[in-house]
Amino acid sequence: MSRELTYLLLIFALLVIPRALQRFRVPAPITCLLFGLVAMLWLGDRTHDPVVVLLSTLGISSLFLFAGLEVDLHALRRGLWPLVAHLALRVGTLVLLGWLAWRYAGLGWQAAGLLALALLTPSTGFILDTLERLGLDEEERFWVTSKAIAGELLALAALFVVLQAGDPVQLGMSSLAMVGLLVGLPLLYMAFGRWIVPHAPGSEFSLLVMVGVVAAYITYALGVYYLVGAFIAGLVARLLRDRMPRMASDENIRALRLFATFFVPFYFFHAGTQIARDALSLEALGLGLLLTAVVVPLRVGMVWLQRRVLFRREHQRSTFRVAVALTPTLVFTLVLAEILYSRFGLSGTWAGALVLYTTLNTLLPSLLLRVPFDLAQVSTGDLPALPAPQPVPLENPPAIPTQGA
């Protein structure tokens with residue numbers, strides 16, 4: 001089989017089959033992940049194709065670029081104090097879980113901190129992409145979006161510090177580089193807006209994607225993976241929306257979402273091919289089920305309890321829906337599982353357990369909250385009434401003969 005035909009079949013398999021299986025409440029990323037796992041077991045190292053790696057990089061970068069663009073500081077200020085309480089609780093649980101992993105799992109403090117982030121950080125990009133299919137009302141979607149974004153901001157900052165903290169000199173140099181990135185990105189955007197965009201209408205989207213990919217590569221070179229830079233690029237573009245409204249316009253955000261929809265399946269497929277064979281064991285299965293049985297109810301219960309204390313008038317069902325919608329940790333867990341396995345020597349058992357854990361918690365919202373479309377519920381009485389037809393006047397109406405003419 002030619003290489004070109006192989007790529008075409010792969011594109012079809014990743015873009016069509018997972019979407020078709022969503023009718024059975026299986027999220028498309030999970031199907032792509034399983035496809036990658038099957039390909040790894042069948043083809044071995046031949047699945048590590050540079051084209052797939054490039055497409056997966058575009059996928060993860062565009063996903064976090066989109067997540068950064070979705071940050072609305074005015075909306076976050078609306079729920080400031082509940083979000084502060086949410087983040088304070090999140091910091092406490094991260095520290096506690098990290099300490100437990102360091103004390104009882106035999107991990108170094110950096111690996112223990114990354115493990116805590118992998119277990120507790122919601123996958124904002126995935127959550128935002130699936131909100132429309134969960135049947136949440138406007139208020140519920142606001143709180144799910146706000147809590148997911150706030151949690152991701154905290155997690156990205158913690159990820160940067162934990163990954164660099166082993167070497168104080170490297171941490172200092174990386175911090176200076178990040179400051180330079182934060183200063184340079186607004187200048188770059190404004191330079192594009194002044195010297196390129198006026199002479200190339202419609203180029204805002206391509207420039208935005210290019211900046212996101214470059215920023216992602218810079219942070220990857222710093223050792224903190226692609227997602228940090230891509231998120232910062234999106235966040236900076238959103239903050240400059242008043243000065244450059246077309247760069248982070250609603251049209252560009254929708255276009256970027258479609259762009260990510262095409263490339264993200266390649267990231268999950270590539271992540272599946274990265275799963276080590278020693279991660280597929282009965283020990284990993286048992287540990288993954290244990291993590292799911294302990295951590296998922298704990299996370300849902302903490303969000304539920306927090307909202308019951310802060311929003312006493314909120315309906316209990318609404319509280320439960322918000323808590324469940326925040327459960328998926330798909331992208332963060334996959335990224336951190338790969339980092340822990342390749343850079344910190346985490347065992348295959350733990351890596352496999354993390355993959356199983358994130359697969360199960362990602363399935364949970366689609367199983368509990370999805371609102372199916374039922375044709376039987378659509379009747380003529382549910383449709384808006386059509387206006388009665390109005391007569392159309394003629395400019396030169398024909399003469400009507402009278403009797404006796």
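Points to keep in mind about this one:
- Separation of alpha-carbon centers, the range 313-350 and the range 65-128, rounded to whole Å: 9 Å
- For the chain, calculated [θ]222 nm from helices alone, where every DSSP H run of n ≥ 4 adds -39500 (n - 2.57): -24000 deg cm²/dmol
- The share of C-alpha pairs in the range 190-272 whose separation exceeds 20 Å stands at 37 percent.
- Rg/Rh (Cα only; Kirkwood hydrodynamic radius) as it applies to the range 1-71: 1.01
- Tyr341, Tyr7 arranged by Cβ crowding within 10 Å, fewest neighbours leading: Tyr7, Tyr341
- At q = 0.20, 0.23 Å⁻¹, base-10 log of I(q)/I(0) for the range 149-224 (Debye sum, equal scatterers on each alpha carbon): -0.92, -1.06
- In the chain, the convex hull through the Cα atoms has an average projected area of 31.2 nm², a quarter of its surface area.
- Percent RCO, i.e. relative contact order, over the range 158-287, from Cα pairs under 8 Å lying at least 6 residues apart: 20 percent
- Over all pairs of different C-alpha atoms in the range 44-114, the reciprocal of the mean inverse distance, the Kirkwood hydrodynamic radius, equals 15.9 Å.
- Dipole magnitude (debye, nearest 20) for the chain, charges at Cβ of Lys, Arg, Asp, Glu: 760 debye
- Our summary gives the chain a relative contact order of 29 percent, counting only alpha carbon pairs under 8 angstrom and 6 or more residues apart.
- At most 15 other Cβ within 10 Å, DSSP loop - trypsin sites (Lys or Arg not before Pro), the range 250-316: Arg312, Arg313
- With coordinates expressed along the principal axes, the C-alpha atoms belonging to the range 1-131 extend over 57, 42, 29 Å, beginning with the largest.
- Net charge over other residues, Cβ less than 15 angstrom from the Cβ of Leu208 (K, R count +1; D, E count -1): +2
- For the range 290-353, convex hull of alpha carbons as volume per residue, Å³: 87 Å³
- Mean Kyte hydropathy of 0.0 or more with a Cα span along the axis of at least 27 Å, helices from DSSP in the chain: 50-69, 80-104, 138-164, 168-195, 250-273, 282-310, 348-368
- Applying a DSSP loop filter and a limit of 11 other Cβ atoms within 10 Å to the chymotrypsin sites (Phe, Trp or Tyr not before Pro) in the range 191-222 leaves nothing.
- Per residue, the Cα convex hull of the range 21-60 amounts to 72 Å³.
- In the distance distribution for the range 183-226, Cα-Cα pairs more than 12 Å apart total 63 percent.
- Each listed q (0.09, 0.11 Å⁻¹) maps to a log10 I(q)/I(0) for the range 214-354, found by the Debye formula over equal Cα scatterers with no solvent: -0.44, -0.65.
Throughout, read-outs are computed from the coordinates displayed, never taken from laboratory work. Just so it is clear, the structure is predicted and the values come from calculations on it, not from any experiment. Cβ: placed from backbone, ideal geometry, glycine included. Neighbour counts: every protein chain shown.
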